[in-house]
Amino acid sequence: MSIEVRLPDDSLRQLPEGATGADLAGGIGARLLEAALAVKVNGHLVDLKAPLADGVKVEIVTNKTPESLELVRHSTAHLLAHAVKRLYPDARVGIGPTIEDGFYYDFWVAKPFVPEDLPVIEAEMRKIVAEGVEVTREDLSRDAASARFESMGEPLKVEILANIPASDIISGYNQGDFYDLCRGPHVPNTSKLKAFKLLSIAGAYWKGDEKNQMLSRIYGTAFHSQKELDEHLKRLEEAKARDHRKLGKELGLYSFHPEAPASPFFHPKGTQVYNELVTYIRELYFKYGYSEVITPQILDVALWKTSGHYENYAENMYFTTAEEREYAVKPMNCPGHCLMFGSQKHSYRDLPIRYADFGRLHRFERSGVTHGLTRVRTFCQDDAHIYCTPDQIKTEMADFLALLKEVYDTFGFDGMRVALSTRPEKRLGSDAIWDAAETALSEALDEAGIPFTLNPGEGAFYGPKIEFQILDALKRPWQLGTLQVDYMLPERFDLNYTRPDGGEGRPIMLHRAILGSLERFMGILVEHTAGAFPAWLAPVQMSILPITDRANGFATEVAARAKALGIRAELDQRNESLKAKIRDAQLAKVPYMLVIGDREAEAGTVSVRHRHRGDLGVRALDEFLSDLKHEVQTRNR
């Protein structure tokens with residue numbers, strides 16, 4: 001008996017019945033078998049040693065296949081667990097998934113792991129790699145799997161199995177003296193795992209529930225080659241140097257205090273940057289036809305019940321009571337904007353109406369997920385809501401995309417990625433409404449020629465959304481802008497406008513943001529620029545550095561003339577050497593340093609240094625100030 005399989009080039013191969021992906025690779029060539037990690041059968045990854053069925057389409061997976069890196073990282077997570085069980089037999093294993101750029105594995109141990117344990121565990125992992133341990137799959141019933149893990153003393157695995165239907169077939173993997181529960185697939189042999197590194201340790205509650213046992217989580221990463229791993233580790237070191245929590249403190253931009261958890265305090269310099277961001281967006285609002293509004297911070301709970309937030313979002317909200325009325329601190333602006341729209345009569349001639357709001361928002365984020373400026377409890381967004389007719393949706397979306405591009409170009413973000421997030425399980429409205437909303441967004445992206453991916457189930461509870469990711473200077477993706485089509489809030493708030501025929505029409509509501517949370521964007525921007533903001537954003541745009549006391553008079557005049565032009569200048573008259581003053585200005589990431597000695601004071605000139613380009617030579621003061629003013633006004637990067 002034989003079977004026939006189809007290769008990616010549509011050629012056919014005859015194989016004996018029961019042949020595996022390894023047999024197929026070996027039949028094509030010894031080199032391919034050596035490089036093979038798994039196979040794709042009809043587009044799905046399976047183990048290299050899995051038997052092939054007649055008529056399937058098969059692709060041999062090597063390190064050149066896009067999916068192969070996740071496969072390697074998944075197998076390396078199991079390698080980590082194998083090494084831990086060898087070194088710490090009493091450790092109980094939890095779960096070990098892949099994540100972006102790596103993997104982790106959770107362990108229940110009597111004494112939590114410490115950083116000094118990582119080199120020891122990593123060395124044991126390398127021993128297992130050198131042993132070339134075969135990795136084989138085993139299918140068994142849920143009850144048999146549960147009994148096996150019970151006998152192994154693995155309560156966390158038993159708990160996982162208890163939530164799986166008894167009729168399901170369970171897969172586990174044997175790896176020498178280690179056995180683990182897993183769907184797979186895995187590399188066929190530990191010798192395939194060539195480049196990995198354990199990175200850090202953290203605490204993690206079992207199943208993410210703070211009522212459960214605290215586990216010890218080990219993070220790591222893996223690549224196909226040592227060169228790729230070394231490049232990644234170099235990027236991680238650069239990321240540490242750019243960490244906005246570290247730089248924010250060093251540059252005096254913001255601080256955090258236990259009296260207000262996950263709520264930043266912006267210092268004068270940080271506030272200057274923050275306000276410049278707001279000013280920039282405000283200027284664009286005027287250009288693109290938005291009207292800025294101000295809405296209350298605290299509103300009656302009845303409003304949030306009408307909007308659906310009380311039912312779908314209450315766990316993320318703050319509540320208070322006054323005069324026997326219950327209020328909520330707003331987590332978003334949209335319900336307030338609906339009240340404003342509904343307070344007046346509107347004709348189709350009035351639409352679109354675009355409300356923009358920099359109101360402060362508050363959302364309860366659990367302490368385990370807050371992170372510097374990028375996940376906070378109090379923030380403001382460059383938030384806006386557009387009320388339009390159905391036939392205006394595509395035009396409004398095109399205008400929004402133009403605005404988005406202009407902003408991201410200003411900050412030097414390249415490589416934008418776009419995703420369409422569709423209906424979640426917990427949502428408002430009928431399937432017909434969701435069909436219309438999702439279709440409107442996908443068609444608008446298609447007409448704009450913007451490629452996008454789907455994020456099924458990741459939309460807001462009231463509508464689908466487009467999410468825009470940018471890549472920073474380290475090529476890390478960050479989700480910033482969003483655009484959401486909402487048919488539900490206009491319905492729930494009974495919003496109307498008069499149509500050309502005199503009848504009533506229901507407006508469509510578009511929720512949109514470009515920077516998103518200003519706090520989060522500022523954290524991203526600090527890391528993108530390594531704290532070296534472009535001159536228009538820099539809290540101090542130039543430092544004036546007199547060399548001698550005799551030059552102090554002219555230096556003071558330079559500071560006054562800069563201030564008169566709106567340039568943020570700092571005069572450093574400390575009794576320090578010029579070298580020390582330049583060093584401190586460099587550490588403060590000041591774009592320009594003006595060195596003033598006796599000759600400059602006498603000639604009315606300045607010796608200009610740039611933080612990156614070094615000595616720029618002697619310039620006439622008026623000429624330099626004019627050039628800097630132009631650089632700031634044009635927001636030149």
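Looking across the range 180-223, the residues that are modelled with pLDDT of 95 or more and aromatic (Phe, Trp, Tyr) come down to Phe196, Tyr219, Phe223.
Name the pairs: first residue in the range 541-566 and free of Cβ contacts under 8 Å to residues at least 12 places away in the same chain, second residue surrounded by fewer than 14 Cβ atoms within 10 Å (Cβ to Cβ), Cβ to Cβ under 9 Å, at least 6 apart or on different chains? Filtered contacts from the range 541-566: Asp549/Asn575. Of all residues in the range 275-307, those satisfying the criterion of being over 15 Å from Arg635 (Cα atoms) and of a type in the set (Ser, Thr, Tyr) are Tyr285, Tyr288, Tyr290, Ser291, Thr295, Thr306, Ser307. For the range 265-294, a residue qualifies if it is among the hydroxyl-bearing types (Ser, Thr, Tyr), surrounded by 17 or more Cβ atoms within 10 Å (Cβ to Cβ) and not in a helix (DSSP H, G or I), and exactly one does: Tyr290. Total residues in the range 474-532 satisfying the condition of being more than 14 Å from the chain's Cα centre (by Cα), part of a strand (DSSP E or B) and not acidic (Asp, Glu): the figure is 13. Taking the range 24-57 as the range and being in contact (Cβ under 8 Å) with a residue 12 or more places away in the chain and over 27 Å from Ile99 (Cα atoms) as the test, the residues that pass are Leu24, Ala25, Gly27, Ile28, Leu32, Pro51, Leu52, Ala53, Asp54, Gly55, Val56, Lys57. Could you check, for the range 64-75, whether at least one of its residues is of a type in the set (Val, Ile, Thr) and over 22 Å from Gln226 (Cβ atoms)? Checking the range 64-75: not a single residue is of a type in the set (Val, Ile, Thr) and over 22 Å from Gln226 (Cβ atoms).
Summed over the range 378-395, residues that are crowded, with 19+ Cβ neighbours inside 10 Å and farther than 24 Å from Gln344 by Cβ total 3. The helices (runs of 4 or more DSSP H) falling completely within the range 540-637 that include 2 or more residues that are modelled with pLDDT of 95 or more and surrounded by 16 or more Cβ atoms within 10 Å (Cβ to Cβ) map to 552-564, 578-587, 621-633.
Tell me, yes or no, whether the range 412-420 has at least one residue that is in a loop (DSSP other than H, G, I, E, B) and assigned by TED's automatic domain parsing to the domain that holds Arg375. Outline the logic, then answer.
In the first step, residues of the range 412-420 are kept if they are in a loop (DSSP other than H, G, I, E, B); the result is 412-413.
Next, only the ones that are assigned by TED's automatic domain parsing to the domain that holds Arg375 stay: 412-413.
Yes, because at least one residue in the range 412-420 is in a loop (DSSP other than H, G, I, E, B) and assigned by TED's automatic domain parsing to the domain that holds Arg375.
Quick grid of which residues meet (1) without any contact (Cβ under 8 Å) to a residue 40 or more places away in the chain; (2) surrounded by fewer than 17 Cβ atoms within 10 Å (Cβ to Cβ); (3) closer than 25 Å to Tyr497 by Cβ:
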site: Met397; (1), (2), (3): no, no, yes
site: Tyr408; (1), (2), (3): no, no, no
site: Arg417; (1), (2), (3): no, yes, no
site: Lys426; (1), (2), (3): no, yes, no
site: Asp435; (1), (2), (3): yes, yes, yes
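Taken together, the residues in the range 330-360 that are within 16 Å of Glu315 (Cβ to Cβ) and in contact (Cβ under 8 Å) with a residue 40 or more places away in the chain amount to 1.
Can Ala444 be described as touching a residue at least 12 places away in the same chain (Cβ under 8 Å), part of a helix (DSSP H, G or I) and surrounded by 13 or more Cβ atoms within 10 Å (Cβ to Cβ)?
yes
Being without any contact (Cβ under 8 Å) to a residue 60 or more places away in the chain and either surrounded by 21 or more Cβ atoms within 10 Å (Cβ to Cβ) or more than 14 Å from Lys192 (Cα to Cα) (or both) is not true of Val72. Does the range 169-179 contain any residue that is more than 29 Å from Glu131 (Cα to Cα), modelled with pLDDT of 90 or more, surrounded by 15 or more Cβ atoms within 10 Å (Cβ to Cβ) and β-branched (Val, Ile, Thr)? No: zero hits. Applying the selection to the range 134-157, what residues are surrounded by fewer than 18 Cβ atoms within 10 Å (Cβ to Cβ) and among the aliphatic types (A, V, I, L, M)? The answer is Leu140, Ala144, Ala147, Met152.
Which condition number does Gly55 fail, the rest of (1) assigned to a helix (DSSP H, G or I); (2) on the phi > 0 side of the Ramachandran plot being met? It fails just one condition, (1).
If the condition is being farther than 13 Å from Val5 by Cβ and over 33 Å from the mean Cα position of the chain (by Cα), then the range 48-66 contributes Leu48, Lys49. Has the range 36-47 got any residue that is in a helix (DSSP H, G or I) and either more than 25 Å from Asp23 (Cβ to Cβ) or under 28 Å from the mean Cα position of the chain (by Cα) (or both)? Looking for residues that are in a helix (DSSP H, G or I) and either more than 25 Å from Asp23 (Cβ to Cβ) or under 28 Å from the mean Cα position of the chain (by Cα) (or both), one finds none in the range 36-47, hence no. The lone criterion from (1) under 28 Å from His362 (Cα atoms); (2) assigned by TED's automatic domain parsing to the domain that holds Lys194; (3) in contact (Cβ under 8 Å) with a residue 40 or more places away in the chain; (4) not acidic (Asp, Glu) left unmet by Asn212 is number (3). When Trp206 is tested against (1) surrounded by 15 or more Cβ atoms within 10 Å (Cβ to Cβ); (2) of a type in the set (Phe, Trp, Tyr); (3) out of contact with any Asp or Glu (no Cβ under 9 Å at 6 or more places or on another chain), just one condition goes unmet, and that condition is (3).
Note on the range 116-126: among residues that are out of contact with any strand residue (DSSP E or B) (no Cβ under 7 Å at 6 or more places or on another chain) and more than 13 Å from Thr76 (Cα to Cα), the one that is surrounded by the fewest Cβ atoms within 10 Å (Cβ to Cβ) is Glu116.
Out of Leu480, Leu525, Leu515, Leu495, I need the residue that is in contact (Cβ under 8 Å) with a residue 12 or more places away in the chain and either in contact with a Cys (Cβ under 8 Å, 6 or more places away or on another chain) or among the β-branched types (Val, Ile, Thr) (or both). Which one?
It is Leu495.
For the range 184-202, the candidate set comprises residues that are aliphatic (A, V, I, L, M) and more than 11 Å from Leu71 (Cα to Cα); within that set, the residue that is surrounded by the fewest Cβ atoms within 10 Å (Cβ to Cβ) is Ala202.
The values are calculated or read from the model by the stated rules, or taken from the named source; none is laboratory data. Here the structure is a predicted model, which is why all the values come from computation and not from measurement. Cβ: placed from backbone, ideal geometry, glycine included. Neighbour counts: every protein chain shown.
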